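Heads up, the thing below is written out as structure tokens.
The values are calculated or read from the model by the stated rules, or taken from the named source; none is laboratory data. Given the structure is predicted, the values throughout are model-derived calculations rather than measurements. Please note: Cβ atoms are built from the backbone with ideal geometry, for glycine as well, and neighbour counts cover all protein chains shown. With ligands, DNA and RNA removed, areas are computed over all heavy atoms of the protein, side chains included. Shrake-Rupley method; radii C 1.70, N 1.55, O 1.52, S 1.80 Å.
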Amino acid sequence: MISAKLPSSIPEQAVAGKLIWQKNNCVSCHTLFGHGGYEADDLTHITDAETTEYLIDFLVEAPVMRPHKYARHPALDQIDAENLVNYLEFLNTIPTLGWPPQQEQVEDDS
Amino acid sequence: MNQSITSKQQFLAQIISRRYCLSAVCLFALQSVVALMGALDLVISDLPSPIPFEYGRAIHLGLADFWPLIGTMGMVYFFMTAELNREIHSPRLARWQYWVVMLFTLSIFGTLALRLGNGREFLEGKPIFYLGICLALTLASYNLIRTLLTDRQNITPAAATMTVGMIFLLLLLLPNTITFNNPIVDEATKFWVVHLWEEMAFELTSVGFIATFFIVSGLANRTQIEKWLYLEASLAIIGGLYGTGHHYYWIGFPAIWLILGSLVSLVEVIPVGMLVHMTYKGLKSKEIHNRREKLTLWLLLSSVFYHVTGASLLGLFLTIPWVNLYMHGTYFTSGHAHLALFGSLGFVVLAGCYYVLSQGSEPTLQEYKGGVLAVIILNIGLIIMSSALLAAGLKETYLWRILGMDFMDAHLLLNPYLILRVLGGTMFTLGDLLLSWYIFKAWRETNL
């Protein structure tokens, strides 16, 4: 019944990153494969959109979250952030059958 | 007619089931308050809170599963004895089970409030606590199986259905106590609880409860109800099991699940149709009910309504792969989830809990009217809240998924809908507290 083959074996660093993902309860706001909270962006393919350095910086130097004026995104230390981004990079390799729907990229890419 | 039920011998299991049902109602009252806080947090910037949003939401989702679970445990004990007309195998075990399930449920919420968790949606608590819940479910399953086997000649379909439901609750939770490295396996297993608990296991316990309720309260005769029960249960199992596929579309599974998931989901609708049929039969056969049964019916009919609308119709719409591709992971899913989970399961468990806790009493006309009012407020609150979420989801789908707008830019435009959701949620909370109060009163009156 279960046919959950990974496209490639999962690296140790990504496994560590998965635990960071769980420990910090990221899924309460973000989604992976569209499953999770509704308050923040889906991160399944975030590493396509943003560079590794940007993502690690974002996690370490957590910015204020829109539309809040003070509340910041939860912050991680450097190693945890690297592991987490490694996990996100791994997730990006999982085939999702054309989801999310592709559109003409109107804007973005910082 | 009805005197015969109240004057019937009361089994120990029925007394024990009261503590389960009362705890479930208390947790349900807590649920709407927690949920309202979370909804407010989303529309008020920088709202100070001792528990951060992400852990508050985790508690909300945990409560959504566990108050019905605890209520179901009580209901199943109560209606098993009512159905079989004999004591359960071990009342002592049932008492122990109560403390086990309460201890681990409260541990989950306590640790989440302290920001300790395992970060899997709907299963946010530490895995060890879920193992504890599994222990409680093992005690329940063992107790029920032994009860059935005590008198093999008299195993009724409703009793068997409820027992199988309880066993499934255990089997489906068990794999979720493991920490998986593989994110695909992790996602897939999670839906054994998120989907299969509700659409299969709880469906079985609920159907068993409804059938027994109709039979023991004399609303319908046994042959009429039992005729379809096994078929309905089998379809619920088959449809539920493979219908899980509609959660497996985009998580790295092969494309076959797109077809399997959407087609088998059609099968899931058949048992709902049969449930409606069964309820209709029960209603038609007898005109006069006492107030206690009438109030139970109000709750039950609410559940049937959401079975058809929120769960089946909306659910089917969402399982169409082309629709799901765009709407998946938007507030539309959230709206559907509220209607399906609370609407279908929540109301049925409330019906059962009310019936169990008011055993031996009859509400005054004023109490009955108050109870009905609470049910109506709950319904309106739920519909406003869910419609706001569905509307937010439609807009989000258009802006984010179709136009490709940045997520946060789109999300900020959803604010009016989220405010409307808070208003609906406030109403829901009022209805919840009012109903809980009446149930509590019924409990106190009958607590000898």
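Inside region A:41-81, can you point out the residues that are closer than 22 Å to B:I51 by Cα and among the aromatic types (F, W, Y)?
A:Y70 - this is the single residue of region A:41-81 that is closer than 22 Å to B:I51 by Cα and among the aromatic types (F, W, Y).
Restricting the search to region B:38-72, which residues are surrounded by fewer than 21 Cβ atoms within 10 Å (Cβ to Cβ) and of a type in the set (V, I, T)?
The answer is B:V43, B:I44, B:I51.
Checking A:K69 against (1) touching a Lys or Arg at 6+ places or on another chain (Cβ under 7 Å); (2) without any contact (Cβ under 8 Å) to a residue 12 or more places away in the chain, which test does it fail?
Result: A:K69 fails condition (1) only.
Would you mind stating whether A:Y54 is open to solvent by 30 Å² or more (accessible area, probe 1.4 Å) and either aromatic (F, W, Y) or touching a helix residue (DSSP H, G or I) at 6+ places or on another chain (Cβ under 9 Å) (or both)?
yes
Scan region B:382-389 and give yes if some residue there is more than 22 Å from the chain's Cα centre (by Cα) and within 14 Å of chain A (Cβ to nearest Cβ), otherwise no.
no
If we scan region B:200-218, do we find a residue that is away from every other protein chain (no Cβ under 14 Å), surrounded by fewer than 20 Cβ atoms within 10 Å (Cβ to Cβ) and at positive phi?
Within region B:200-218, one or more residues are away from every other protein chain (no Cβ under 14 Å), surrounded by fewer than 20 Cβ atoms within 10 Å (Cβ to Cβ) and at positive phi.
Residue-wise test of (1) part of a helix (DSSP H, G or I); (2) modelled with pLDDT under 95.
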| position | (1), (2) |
| --- | --- |
| B:S387 | yes, no |
| B:A391 | yes, no |
| B:G404 | no, yes |
| B:F428 | yes, no |
| B:E445 | yes, yes |
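Can you tell me how many residues in region B:261-310 are at pLDDT 95 or above and of a type in the set (G, A, S)?
So the answer is 2.
Rundown of residues vs (1) within 26 Å of B:H338 (Cα to Cα); (2) part of a loop (DSSP other than H, G, I, E, B); (3) open to solvent by 60 Å² or more (accessible area, probe 1.4 Å), yes/no style:
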position: B:I16; (1), (2), (3): no, no, no
position: B:S32; (1), (2), (3): yes, no, no
position: B:L36; (1), (2), (3): yes, no, no
position: B:G74; (1), (2), (3): yes, no, no
position: B:R95; (1), (2), (3): no, no, yes
position: B:W99; (1), (2), (3): no, no, yes
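Could you tell me whether B:E396 is under 24 Å from A:L43 (Cβ atoms) and in contact with a helix residue (DSSP H, G or I) (Cβ under 8 Å, 6 or more places away or on another chain)?
Yes.
Quick check on this structure: which one of B:F28, B:F104, B:F66, B:F79 is under 30 Å from B:R152 (Cα atoms) and more than 14 Å from chain A (Cβ to nearest Cβ)?
Result: B:F79 is the single residue among B:F28, B:F104, B:F66, B:F79 that is under 30 Å from B:R152 (Cα atoms) and more than 14 Å from chain A (Cβ to nearest Cβ).
Do we find a residue being open to solvent by less than 20 Å² (accessible area, probe 1.4 Å), within 11 Å of chain A (Cβ to nearest Cβ), aliphatic (A, V, I, L, M) and outside any loop (DSSP other than H, G, I, E, B) anywhere in region B:407-414?
Yes: one or more hits.
Restricting attention to region B:176-186, which residues are out of contact with any Pro (no Cβ under 7 Å at 6 or more places or on another chain) and facing another protein chain (nearest Cβ under 10 Å)?
Matches in region B:176-186: B:F180, B:N181, B:N182, B:P183, B:I184, B:V185, B:D186.
So that you can scan it fast, the table gives a plain yes or no per residue for (1) more than 7 Å from chain B (Cβ to nearest Cβ); (2) part of a helix (DSSP H, G or I); (3) out of contact with any Lys or Arg (no Cβ under 6 Å at 6 or more places or on another chain):
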residue	(1), (2), (3)
A:V27	no, yes, yes
A:T44	yes, no, yes
A:F90	yes, yes, yes
A:L97	no, no, yes
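What is the one condition in (1) within 22 Å of A:H68 (Cα to Cα); (2) crowded, with 19+ Cβ neighbours inside 10 Å that B:T429 does not satisfy?
Unmet condition: (1).
State the number of residues belonging to region B:219-251 that are of a type in the set (A, V, I, L, M, F, W, C) and either within 18 Å of the chain's Cα centre (by Cα) or within 14 Å of chain A (Cβ to nearest Cβ) (or both).
7
Whether any residue in region B:124-145 is in contact with a Gly (Cβ under 8 Å, 6 or more places away or on another chain), within 14 Å of another protein chain (Cβ to nearest Cβ) and touching a residue at least 24 places away in the same chain (Cβ under 8 Å) is what I want to check.
Checked region B:124-145: at least one residue is in contact with a Gly (Cβ under 8 Å, 6 or more places away or on another chain), within 14 Å of another protein chain (Cβ to nearest Cβ) and touching a residue at least 24 places away in the same chain (Cβ under 8 Å).
For region A:5-25, give me each residue that is outside any helix (DSSP H, G or I), open to solvent by 20 Å² or more (accessible area, probe 1.4 Å) and within 10 Å of another protein chain (Cβ to nearest Cβ).
Result: A:K5, A:L6, A:P7, A:S9, A:I10, A:N24.
Determine, yes or no, whether B:G335 is within 14 Å of chain A (Cβ to nearest Cβ) and touching a strand residue (DSSP E or B) at 6+ places or on another chain (Cβ under 8 Å).
no
Quick check on A:V64: is it free of Cβ contacts under 8 Å to residues at least 24 places away in the same chain, more than 7 Å from every other protein chain (Cβ to nearest Cβ) and in contact with a Phe, Trp or Tyr (Cβ under 8 Å, 6 or more places away or on another chain)?
yes
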